[in-house]
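Data block below; observations after.
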Amino acid sequence: MKFTLSWLKDHLETSATIDQLEAKLSAIGLEVEGIVDPADKLGVFTIARVVDAKQHPDADRLRVCQVEISPGAPPVEVVCGAPNARAGMVGVFAPLGSYIPGTDITLEARPVRGVVSNGMLVSERELEISDDHEGIIDLDPALADRVGERFIDVVGVNDPVIDVSITPNRPDCTGVRGIARDLAAAGLGTLKPEPAIGAVDGDSACPVPITLEFTSDTADACPIFAGRHVSDVKNGPSPAWLQQRLTAVGLRPISALVDITNYVSLDRGRPLHVYDADRLSGTIRARLGRDGERFDALDGKTYDVDESMCVIADDAQVLGLGGIMGGMATGCTDETTNVLIECAYFDPIRTATTGRKAQINSDARYRFERGVDPAFVEPGLDLATRLVMDLCGGTPSQSQIAGAAPDGTRQIAFDVARVARLTGVDVPTKTAKTLLEAVGCSVSGRAPKFKVTTPSWRPDIEGPADLVEEVIRLVGLETVPSIAMERTRGVALPVLTDTQKRERVARRLLAGRGLVEVVTWSFIPKDQSELFGGGQEVLDLANPISVDLSSMRPSLLPGLLTAAHRNGNRGFQDLAIFEVGQAYAGDQPDEQKLLATGVRVGSAKLDGSGRHWSGHSEPVDAYDAKADAIDLLGALGIDAGTVQITADAPSWFHPGRSAVVRRGPKLVLATFGELHPAILEQMDVTSPAVAFEVDLTALPPVRRKARTRPALAASDLLPLTRDFAFVVDSSVAAGQLLNAARGADKALITNVEVFDVFEGGNLEPGKRSIALAVTIQPQEKTLTDAEIDALASKIVKAVQKATGGVIRG
């Protein structure tokens with residue numbers, strides 16, 4: 001929100017300096033983003049008169065001028081190249097040492113073709129007033145008696161411009177009067193009374209009918225629409241004072257009628273619109289749009305309308321979007337002679353929604369979506385009518401009003417003691433009452449408990465806490481005491497959840513195994529989502545940031561394989577990467593999983609990758625992925641001996657070179673293996689690739705460690721190993737033999753490993769031999785041969801019962 005100092009003083013009687021205003025505005029919550037004072041840039045330039053102008057002796061295009069820069073002082077000699085430099089003209093003088101903003105130079109006394117110039121006569125472009133540089137500034141000769149005065153004072157451009165950042169909850173401060181009211185309440189001046197508008201209502205009825213066409217459910221879109229017809233107006237350039245104010249705040253003056261609406265919008269925070277009444281057809285109405293309607297807006301663009309938008313229309317067409325922008329068809333021009341002034345109230349939420357849909361950011365939308373004062377509809381119409389009559393002439397009709405303004409006030413029970421309870425500042429009851437009345441509230445009742453009625457222009461005040469905020473920001477936030485928070489003693493308790501701890505462990509473990517962490521998008525193309533078990537409609541984004549990022553990922557593998565593909569294109573064929581992140585099986589909270597996923601490509605094994613002089617590097621295989629998954633599960637507290645490995649991995653894994661790690665028949669902890677060749681082909685990954693996924697959310701709850709550690713259970717007896725070779729069906733997994741052998745005696749058997757697999761020879765077709773090495777650790781005494789034989793018999797029976805295997809003869 002920009003305004004000039006003189007504009008503010010139209011509403012505020014104050015002698016405060018610009019620095020005091022800046023400090024107070026920021027202190028009461030209206031943060032000053034910047035102040036532009038023309039005196040900082042143009043203050044050194046003065047009015048001067050050319051006494052004499054002669055041709056330069058050594059240059060055809062230069063003139064040597066004698067310039068009067070101060071009354072009664074001898075003229076100074078200035079070399080000038082402007083074609084309009086002549087004796088008697090009044091211009092603008094820049095003394096030596098001054099900085100010329102338009103050319104970025106500082107004047108020095110240097111000879112120009114042998115003649116020293118003691119200053120400079122400047123053009124408008126050199127002062128950055130306009131782009132005109134055909135000649136030097138040529139002022140009215142009547143200003144000759146003001147030689148020596150500052151240029152900005154003479155032409156009236158000495159007004160500082162203040163730029164204030166308005167928070168969304170302060171719609172009252174989108175107008176200069178609202179800012180003046182706040183400053184007056186804060187003690188920095190006195191708010192001037194509303195200026196008298198005088199009689200603006202004409203004798204005749206408004207010739208343009210105005211109606212509201214809404215249902216009871218949509219009536220809040222535009223509860224009140226007021227208008228007044230003004231005939232025989234004369235449109236043209238607005239007066240200099242109005243143009244200067246609009247230009248100072250960054251608006252381009254257009255015409256008197258348009259400039260009046262912009263002025264009232266900035267001055268009172270009340271957007272208006274003026275229609276060329278001769279271009280209207282029949283009744284003008286506010287209603288909801290209809291699918292298929294469109295209109296050409298004042299910004300030169302065409303916008304489509306739908307049934308959720310509030311529009312202004314006549315019998316023939318849509319004229320504009322209510323509270324946002326008018327249309328070109330009924331806009332005012334220099335030929336306009338009859339106008340209809342519109343002043344209405346539009347629903348903030350519907351206005352904001354419409355603006356986002358149409359992608360229009362206008363000054364009107366900025367104010368309406370924050371909440372324009374609903375009680376200022378009729379006064380705003382009268383104010384605009386008075387300005388039109390004063391600047392453009394014309395004869396007004398009576399006002400015509402459809403609907404009624406909503407009540408924007410609230411009554412709040414307020415105990416002044418609440419100020420001290422919430423802020424720690426003891427504000428006297430009388431002071432609190434005075435401050436609330438100063439911002440427009442009506443205070444009644446017996447102290448210290450009042451009934452406060454908020455003004456219609458303050459929709460942000462909803463309860464007692466808001467009134468406390470009003471009081472304390474005007475008293476001064478610097479009065480709020482600083483109190484240190486109570487410091488807790490001792491060591492702080494842990495704050496990380498089990499899932500967060502597992503996430504950290506996973507990252508450290510996988511990085512330690514040589515994988516590089518990456519972060520990929522949570523959104524992937526729909527066709528990739530379908531490859532990895534996703535593609536459901538509930539996982540499609542309603543408003544994706546890109547066509548290729550349209551679905552929530554069901555797995556982290558698509559992103560990792562895409563990263564592998566990009567690295568492969570850049571010559572990095574051997575790659576080991578991982579990611580810890582969320583994956584989505586549906587749109588419900590319990591369908592979101594935290595996965596630790598890794599991919600190894602090429603020869604990126606744990607012990608190194610790439611070519612080496614000592615031999616050929618082997619490509620990665622399923623066992624590399626298995627080692628990563630099992631090691632990670634071990635770091636997360638899952639004993640590898642307590643899990644089952646089954647060959648039912650998802651379809652994106654190789655059917656014969658992948659597996660699932662389970663604890664029980666239903667709980668899936670991880671999957672690993674080679675990726676399916678068809679998947680690699682569709683993902684455009686040419687190298688051999690293996691992967692693993694560990695579901696961190698599926699792990700059993702972490703067992704809390706006891707405060708004391710148990711005694712070290714270490715046997716002083718030597719372990720012994722016994723080998724067993726079992727003949728089993730080829731369909732039997734080695735893991736079944738391992739689990740059966742371990743379960744034969746959990747106290748003595750500490751490890752079981754497969755050391756040989758054999759098929760063919762004298763074995764029957766469909767059979768194979770699996771050899772196990774069983775490690776036996778005596779605990780209390782050395783085992784006798786009989787005890788060892790008995791344990792071996794238990795192992796054979798356990799394996800035979802679980803798998804049907806027999807000892808190989």
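Here is what passes the span test in the chain: the DSSP H helices with alpha carbon length of 24 Å or more along the helix axis and a Kyte-Doolittle mean of -1.0 or above are 785-803.
Each Lys and Arg contributes +1 and each Asp and Glu -1, all at the Cβ; summed about the Cα centre of the stretch 160-305, the dipole is approximately 380 debye. Count Lys and Arg as plus one, Asp and Glu as minus one, and take only other residues whose Cβ is under 13 Å from that of ILE152; the net charge is then -3. Remark: the stretch 407-494 is approximated by an ellipsoid whose semi-axes, taken from the C-alpha gyration tensor as √(5λ), come to 31, 15, 12 Å, largest first.
Taking Lys and Arg as +1 and Asp and Glu as -1, the other residues whose beta-carbon sits under 15 Å from that of GLN359 total +1. For the stretch 459-523, GluC sites (Glu not before Pro) meeting the loop criterion (DSSP other than H, G, I, E, B) and having at most 14 other Cβ atoms within 10 Å: GLU462, GLU486. Residues ARG410, ARG110, ARG657 ordered from highest to lowest accessible area at a 1.4 Å probe: ARG110, ARG657, ARG410. Simple spin-label estimate for THR333 and ARG508 gives 7.7 nm between the two label positions (7 Å along the Cα-to-Cβ direction from each Cα).
Largest accessible area first, the residues LEU575, LEU772, LEU477 order themselves as LEU477, LEU575, LEU772 under a 1.4 Å probe with ligands, DNA and RNA left out. A cut-off under 12 angstrom between Cβ atoms defines the neighbours of LEU251, and their net charge, with Lys, Arg +1 and Asp, Glu -1, is +1.
PHE45 exposes around 0 Å² of accessible area when a 1.4 Å probe is run over every protein chain in place.
The slack in the chain from VAL806 to LYS449, taken as 0.36 nm per residue of separation less the alpha-carbon distance, amounts to 119.2 nm. Here are a few candidate values for semi-axes √(5λ) of the Cα gyration tensor in Å: (i) 62, 29, 24; (ii) 81, 37, 31; (iii) 44, 33, 24. Which one was actually calculated from the structure I just gave you? Given (i) 62, 29, 24; (ii) 81, 37, 31; (iii) 44, 33, 24, the calculated one carries the label (ii). Accessible surface for ASP466 stands near 40 Å², nearest 10, in the context of the full protein assembly shown (1.4 Å probe).
Our summary gives the stretch 719-809 a relative contact order of 44 percent, counting only alpha carbon pairs under 8 angstrom and 6 or more residues apart. Normalised by the number of residues in the chain, the average gap of Cα pairs under 8 Å and 6 or more apart makes the relative contact order 8 percent. Shown is the FRET efficiency for LYS666 and THR782, computed with R0 = 41 Å from the Cβ-Cβ distance and rounded to the nearest 0.05: 0.40. Which stretch or stretches of the stretch 776-807 have amide N atoms under 19 Å from the point lying 7 Å from LEU718's Cα along the Cα→Cβ direction? The answer is 776-789, whose backbone nitrogens lie closer than 19 Å to the label point.
Ordering THR302, THR453, THR261 by accessible surface, largest first, gives THR302, THR453, THR261; the 1.4 Å probe counts only protein heavy atoms, with every chain in place. Solvent-accessible area assigned to carbon and sulfur over the chain amounts to 51 percent, based on a 1.4 Å probe. Rounded to the nearest 20 debye, the dipole magnitude of the stretch 372-500 is 580 debye, with +1 charges on Lys and Arg beta carbons, -1 on Asp and Glu beta carbons, and the Cα centre as origin. Taking loop as defined by DSSP and a crowding limit of 16 other beta carbons within 10 Å, which trypsin sites (Lys or Arg not before Pro) in the stretch 708-763 fit? Answer by residue number: LYS746. The label-point distance for ALA542 and SER204, in a model that sets each label 7 Å from Cα toward Cβ, rounds to 5.1 nm. Once the Cα-Cα distance is subtracted from the 0.36 nm per residue extended length, the SER70 to ASP306 segment shows a gain of 78.3 nm. Simple point charges give the picture: +1 on the Cβ of Lys and Arg, -1 on the Cβ of Asp and Glu, and for the chain a dipole about the Cα centre of about 3460 debye.
Solvent-accessible area of TRP521, all protein chains in place: 150 Å² (probe radius 1.4 Å, heavy atoms, ligands and nucleic acids excluded).
How high is the FRET efficiency between ASP140 and ARG61 when r is their beta carbon distance and R₀ equals 30 Å, given to the nearest 0.05? According to the calculation, E is roughly 0.70.
Placing unit charges on the Cβ atoms of the charged side chains and taking the dipole of the chain about its Cα centre, the candidate lying farthest along the positive direction among THR782, PHE672, ALA420 is THR782.
Considering only alpha-carbon pairs that sit under 8 angstrom and 6 or more positions apart, the relative contact order computed for the stretch 310-469 is 18 percent.
Applying a DSSP loop filter and a limit of 16 other Cβ atoms within 10 Å to the trypsin sites (Lys or Arg not before Pro) in the stretch 466-509 leaves ARG487, ARG489. Ligands, DNA and RNA are left out, and with a 1.4 angstrom probe the accessible area of the stretch 340-388 is 36 Å² per residue.
How much length would be gained if the chain were fully extended between ASP315 and ALA109, taking 0.36 nm per residue of separation minus their Cα-Cα distance, in nm to one decimal?
Additional length available on full extension: 67.1 nm.
The values are calculated or read from the model by the stated rules, or taken from the named source; none is laboratory data. The model shown is predicted, which means the values in this text are computed figures rather than measured ones. Reconstructed Cβ throughout: ideal geometry from the backbone, glycine too, with neighbour counts over all protein chains shown. When the accessible area is computed, the model is the full protein with side chains, heavy atoms only, and any ligands, DNA or RNA have been set aside. Shrake-Rupley method; radii C 1.70, N 1.55, O 1.52, S 1.80 Å.
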